[in-house]
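Below is one structure; the comments refer to it alone.
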Amino acid sequence: MPSLALALRRGFAGSCPACGKGRLFKGYLRVVTACANCAAPLGLARADDAPPYFTILIVGHLIVPAMLVWERSSAPPIWLQTAVWVPLTLALTLALLRPIKGATVGLMLKLGLMKSDDEV
């Protein structure tokens, strides 16, 4: 089992947190049942609401201050702010959700927080 930092980094990159060679995802957010390289039980990780929560937290802390600074400095019209901030928020959210879910799966694997279906 790798160190916590290495497991997080591998998961963030979308590879198996245990070995770093197998794929973590078989779709945009669907985790493979087991690593093809080392057979780590990645499908038992129930990340549930943690990745969206962390994504909202990060995106909100990036977008809201930038929006407030722009509003205070030049007071652009509302249509311009909407045209800029809505697509930027959506793009950042979609770009960060998968890596954050991968890092969450890496954290869960490192901490042994895997659940089988009969434990749910």
**OP:** Could you pull out the chymotrypsin sites (Phe, Trp or Tyr not before Pro) across region 1-96 that fall in loop regions by DSSP (anything but H, G, I, E, B) with no more than 12 other Cβ atoms inside 10 Å?
**Re:** Tyr28
Original post:
What ranking of Leu4, Leu109 emerges when the number of other C-beta atoms within 10 Å of each C-beta is taken as an exposure proxy, fewest first?
Top reply: Leu4, Leu109
**OP:** Pop a pseudo-label 7 angstrom from the Cα along the beta-carbon direction at both Arg72 and Leu6 and give the gap in nm to one decimal.
**Re:** 4.4 nm
**OP:** Wrap a convex hull around the Cα atoms of the chain, take a quarter of its surface area, and give that in square nanometres.
**Re:** 8.7 nm²
**OP:** Return the single residue from Val86, Val32, Val105 with maximal mean-square fluctuation; model: Gaussian network over the chain, springs between Cα atoms under 10 Å.
**Re:** Val86
Original post:
Helix 50-74 versus the longest principal axis of the chain: what is the Cα-based angle in degrees, 0 to 90, to the nearest 10?
Top reply: 20 degrees
Subject >> Acute angle (nearest 10 degrees) that the helix 4-13 long axis makes with the longest principal axis of the chain, alpha-carbon atoms >> reply: 70 degrees
**OP:** Search the structure for amide H atoms under 5 Å from the amide H of Phe25, placed 1.01 Å from N in the peptide plane, and list their residues when 5 or more places away or on another chain.
**Re:** Val32
**OP:** May I ask you to derive the relative contact order of the chain, considering only C-alpha pairs under 8 Å and at least 6 residues apart, and to give it as an integer percent?
**Re:** 39 percent
**OP:** For the chain, find the longest principal axis of its Cα atoms and tell me its angle to the long axis of helix 78-111, 0 to 90°, nearest 10.
**Re:** 20 degrees
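Since every read-out is calculated from the coordinates, none of them should be taken as a lab result. Nothing here was measured: the structure is a model prediction, and the numbers come from that model. Glycine also receives a Cβ, built like all others from the backbone with ideal geometry; neighbour counts cover every protein chain displayed.
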